[in-house]
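Right, one structure below, let's go through it.
The values are calculated or read from the model by the stated rules, or taken from the named source; none is laboratory data. Not measured: the values here are computed from a predicted model. Methodologically, a virtual Cβ is constructed for each residue, glycine included, from the backbone with ideal geometry; neighbour enumeration extends over all protein chains shown. When the accessible area is computed, the model is the full protein with side chains, heavy atoms only, and any ligands, DNA or RNA have been set aside. Shrake-Rupley method; radii C 1.70, N 1.55, O 1.52, S 1.80 Å.
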Amino acid sequence: MEVVKTENVTRIYRVGDVETNALRGVNLSIQSGEFTALIGPSGSGKTTLLQLIGCLDMPTSGRVTVNGKDVTNLNRNQRADIRAESIGFVFQFFALIPTLTAYENIEMPLLLAGKSSSERAERVKQLLEWIDLPDRANYRPDQLSGGQQQRVAVARALAINPALILADEPTANLDTPNGRQVMDVMTRLNKETGVTFLFATHDPRVIQYARRVVTLQDGLIIKDELVEKSAVGA
Ligand code: ADP
Ligand code: ADP
């Protein structure tokens, strides 16, 4: 099944008299279960494309379909509903709530979704095991390493069982071992749960994890390649 489809998507930003054509007609189709890297130079439109697919922003023209739903012209509330149902987000700066523990951060989307306390407890326990942090459940973000924080953010993104997780430079603020741990966890979750990952990165070490690499330049896809199996998990 197709989780993401963009058809001739453009996004023009207007600031005063200045117009920026951030996306100039992007056609992208992503199937369920893919593990795809979005690469390209700074300013090529990666974040803009993730925001459109993530229903955080609307295209200037073209069509965006997420999990079979046309989200192009939805209003603010409708887009929030799509995000809550279908999309998890992982950001460069982790974006955990600093006053909450790892457990409570992961639990938050389940609370918002109205899950019962027993359902929440079971799911959070499972997620903490998946990210190899069962012993850090009661730690706050400032008591965790950057890699541990980002793994908590990945677990939080996965909590509601989304069709799609979008990650914008998930390892940009991590050193080599921590970045590797985060990518290993994302790879494992993709394999075990089948959740689709789309992540923007410019780090060659991170690109190596992808099974498909989509390259943006000046707001257009200039390359779209499947990675050979022998290179997976290098
Ligand atoms: P990337 O993520 O590849 O670095 P972006 O999508 O952030 O690229 O940016 C693409 C282009 O759009 C850049 O020229 C950037 O300056 C511009 N841009 C991005 N966001 C905005 C915004 N909110 N307002 C105006 N211009 C923006
Ligand atoms: P370095 O040469 O920078 O010390 P390593 O030899 O430790 O890197 O890295 C070996 C492998 O670990 C890389 O080929 C890559 O698969 C993975 N890796 C390293 N750094 C990162 C990172 N920041 N994010 C994801 N994976 C990484």
key: For the chain, size of Cβ-based charge dipole, Lys and Arg +1, Asp and Glu -1, in debye   = 180
message = Could you work out [θ]222 nm for the chain from helices alone, using -39500 (n - 2.57) per DSSP H run of at least four and dividing by all its residues? Round to the nearest 500 deg cm²/dmol.
response = -10500 deg cm²/dmol
note = Residue-normalised value, i.e. accessible area per residue, for the chain at 1.4 Å probe, in Å², stands at 48
Carbon and sulfur %, accessible surface of the range 1-155 computed with the full protein complex present, 1.4 Å = 48
Added length on full extension, which subtracts the Cα-Cα distance from 0.36 nm per residue, ASN138 to GLN208 = 21.9 nm
key: Relative contact order for the range 1-50, counting Cα pairs under 8 Å that sit 6 or more residues apart, in percent   = 37
Volume of the Cα convex hull of the range 2-226, divided per residue and given in Å³ = 126
ask   = Among the aspartates and glutamates, which have Cα under 13 Å from the Cα of LYS125 when same-chain residues fewer than 8 positions away are ignored?
value = GLU104, GLU107, ASP135
note = Length-normalised contact order of the range 2-226, Cα under 8 Å, at least 6 apart, in percent, tallies to 30
ask   = Which whole number in µm²/s is D for the range 158-234 by Stokes-Einstein, with the Kirkwood Rh taken over Cα pairs at 37 °C and 0.692 mPa s?
value = 246
task = Return the lysines within reach of LYS69: Cα separation strictly under 21 angstrom, same-chain partners fewer than 8 residues apart disregarded; answer none if there are no such residues.
result = LYS5
